[in-house]
Structures are given as C-alpha cells and as structure tokens.
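Structure first, then comments.
The values are calculated or read from the model by the stated rules, or taken from the named source; none is laboratory data. It should be emphasised that the depicted structure is a prediction, and the values quoted were computed from it without experimental measurement. Note: ideal-geometry Cβ built from the backbone for every residue, glycine included; neighbour counts use all protein chains shown.
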C-alpha cells in the first residue's frame, strides 16, 4: 500500500494575520495630518515596538505597556496592537512570551511587510486597482465581501460587521503606509513609478 507523502510545509501558503488596530490619523486630500513620526517624533509603530521588552514578557504585561505607551482605551486594543506588531515582524512570540525584535524591517520595508503579512491588504488594493475612479469606504467594503474567509462567516454571528470594521481599518493603514491615498471621492491606489 502506498501512502501519500505529507505536503511539505514549505509549499503551504504563509499564514497572514487578520487583526489590525485602529490606524493613526488619516492623511487626506487637504492636509498631510498623520501620526507618521515626522518632526523627529516616534511613530505609533515605533512607540508600540519600544513598549515591548527585549526580554520576553507575558501577554498581560505587554498589553499593559502598549496601553500605556499608546494611550489605548482597553486591553483588547492593546492585544490588537501586539498582534499587528507581530505581523510587521517587530515583535516575536516565544515560549516565554513576547519580545521586541532587535532587528526589524526598515521603515521603507514596513509597507511591503504589511502588504505581505496582513490578510485583506492585497485584496483591498486589488479592489482599488480594479476601480476606474476613487471608491468610498462603503463601496470597498461591499466589493471586499467575497474575500471574507468562509470559516469566518460561521465564526461570528455578524461577520459582515466585523469585516466592515476591518476593511475600514485596512484602508486607513494602506493610506498610512503610502499604498493608497484618500481623496475627496474616496480611496485610490498610489501609483508606484518603476515598480511592477
């Protein structure tokens, strides 16, 4: 009897994180207001990463530190930030807890890591790319609905409400990372010259 060999882990698609925290202030068409760390101030991402110790700490301690450094309203928001920092490669989970990575992606590489590691980013950008004109958030949410994972439809009593909020947050982060821009009529992708 021949038994099929197991699929090597290397051929499985990488797991992408789904949780994203509330994004910093959006850039918009009229102003460049964003908590982007210009003027020498650390960005929220930098402050969040620095809140996590180099020596592993448990989730409760890390969440308390994040809540303090980022002035977060609740532990759930801190947990979202902890997961997001892991997705960006800035925090690692070990057997002993969570620790800050000594080396993480450069600021310039964070957008690419965000695009690669967070579920929904590619899909939101594809929705924007396919549109002939800027789309308001509700139109992006409507077009994104086909990308909600099937098992998530059974996990929550109202999966659309969960994913509506996630897509709005993803839009904010795509603007923050310079992958999309917010204009008067909605959102549109940012053209990257020389990139394919």
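Overview of values
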quantity: In segment 113-133, the residues that are closer than 19 Å to residue 19 by Cβ and in a helix (DSSP H, G or I); calculated: 113, 114, 115, 116, 117, 121, 122, 123, 124, 125
quantity: Filter result for residue 110 (in the same structural domain as residue 178 (by TED's automatic domain parsing), out of contact with any strand residue (DSSP E or B) (no Cβ under 6 Å at 6 or more places or on another chain) and either assigned to a strand (DSSP E or B) or within 16 Å of residue 172 (Cα to Cα) (or both)); calculated: yes
quantity: Counted residues, segment 154-170 - those being surrounded by 12 or more Cβ atoms within 10 Å (Cβ to Cβ) and without any contact (Cβ under 8 Å) to a residue 60 or more places away in the chain; calculated: 9
quantity: Any hit, segment 132-145, residues being in contact with a helix residue (DSSP H, G or I) (Cβ under 6 Å, 6 or more places away or on another chain), closer than 30 Å to residue 69 by Cα and crowded, with 20+ Cβ neighbours inside 10 Å; calculated: no
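Condition check ((1) farther than 25 Å from residue 171 by Cα; (2) in contact with a helix residue (DSSP H, G or I) (Cβ under 9 Å, 6 or more places away or on another chain); (3) modelled with pLDDT of 95 or more) across all residues:
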| position | (1), (2), (3) |
| --- | --- |
| 53 | yes, yes, yes |
| 82 | no, yes, yes |
| 93 | yes, yes, yes |
| 97 | yes, yes, yes |
| 106 | no, no, no |
| 117 | no, yes, yes |
